[in-house]
1. Once amide H atoms are placed 1.01 Å from N in the peptide plane, what residues at a sequence separation of 5 or more from His29, or on another chain, have their amide H within under 5 Å of its amide H?
2. Which FRET efficiency value, to the nearest 0.05, do you get for Lys159 and Glu192 by plugging their Cβ-Cβ distance into 1/(1 + (r/R0)^6) with R0 = 45 Å?
3. Inverting the mean 1/r over all pairs of different Cα atoms, compute the Kirkwood radius of the range 204-347 and quote it in Å.
4. In terms of Cα to Cα distance under 26 Å, which lysines are near enough to Lys272, apart from those fewer than 8 places away along the same chain?
5. Roughly what would the spin-label model give for His258 and Arg176, points 7 Å off Cα along C-beta, in nm?
6. Mind counting lysine pairs for me in the range 30-193? Cα separation below 23 Å, and the two need to be 8 or more apart along the chain or on different chains.
Amino acid sequence: MGRVPLVGLALVAVAAITGCEQEAADEPHRVAAGEMIEGSGVPSELGDRPVVMLPSGKVTFTVTDPIRKLDITDTRLTEEVEPDRGVDLVGVSWERERFVYVRDAGEAMAGGVQADKSEPVGLSLAADGKTYRFPDVGTMDGLDGSSFFHVGIPRAASKVTLEVEYDGLVQAVDLRTGAVDKGAAAPLYRAELAAGAEPDETAVSCPSVDRDRGRLRWYLSCQVARAVAVPYVPGHGWVGDGRTFIVAWTHTSPGSIHWIIDDNRYASYAAKQLRLRTTLDDITPVATLDAEQMSSSEDWLVFDVPVADAHRMRFAGEFVATPTKAQGTGGQHPRRLTLDVEESVRLTDPTF
């Protein structure tokens, strides 16, 4: 029997090893239930597009139909991907739009016109009592986290939901029906809050009544310039059941103050606020939003009140007035006046 050359044996061994490596390289990655693999690009197959409204804007999801196989261009892995036995593989991606609300509502929930105090969003997949959390998705704006994953879903699960958490509130999207369990976020879906449904900026003012007192003539200017109802305010979170946050821009001051002897002898005054208490349904504000942040000339007040068809805003305070001009009074006019303020207005629609 002839002897096999050593070189021949080495070549056979190398061929065998290379063949095994090639076979291993050809073996696809099997995705288990709950496993999430970051996608590359955008989903190649379109599917359902459920929408979830957050205080920071609208998030539109794309959830594909089950995918049988992914090649190496669909993920950041170096091998092809297939679902494991009993698992459906779907693509889940999203995009967030910021400016989707009526201006005042959007500014109030973002913390100001130039602010974006968006809370980080938690994203999870829930299937029959088991929860699988996505990697960090940031604020879902695509800038501080991925916005596309391939996800393994248990095929036999009776219910599969995508859970979107914002500042403690979870909204659940049923991936089989597309229905969204909104919870306290339900007001965000109202047409009245949508951009493009901008309400008329009609102020609600106190009754115009002259407040005469002897020789003193003056009137009170008070109004709610704008108001909006929202379910969320940064720093205060989500409003409780049966309640709403009403964010209002108000203005109160005495006007046209005169001390009069006759038509030719009088003194004019300017007023300065000593104290002012503004309440809504006899409830004091829980927060104040800075005027500069809210693109207005005065601060906005935030009230946490029960939901109602109408609300009563009351103004009570004290102003001090000093002369700015005197004509023919001979010095008889007062050098200081104290003006008491007490008035109210009725808000019939907090989204006006």
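None of the figures in this text is laboratory data; all of them are computed from the coordinates on show. Given the structure is predicted, the values throughout are model-derived calculations rather than measurements. Methodologically, a virtual Cβ is constructed for each residue, glycine included, from the backbone with ideal geometry; neighbour enumeration extends over all protein chains shown.
1. Here the answer is Glu80, Val81, Glu82, since their amide H atoms fall under 5 Å of that of His29.
2. Numbers: r = 32 Å, r/R0 = 0.71.
Result of the calculation: an efficiency of 0.90.
3. Working: mean 1/r = 0.0590 Å⁻¹.
Computed over Cα pairs of the range 204-347, the Kirkwood hydrodynamic radius comes out at 16.9 Å.
4. Hits, sequence-local ones excluded: Lys325.
5. In this crude spin-label approximation the distance works out to 7.8 nm.
6. Values: Lys58/Lys117; Lys58/Lys182; Lys117/Lys182; Lys130/Lys159; Lys130/Lys182; Lys159/Lys182.
For the range 30-193, qualifying lysine pairs total 6.
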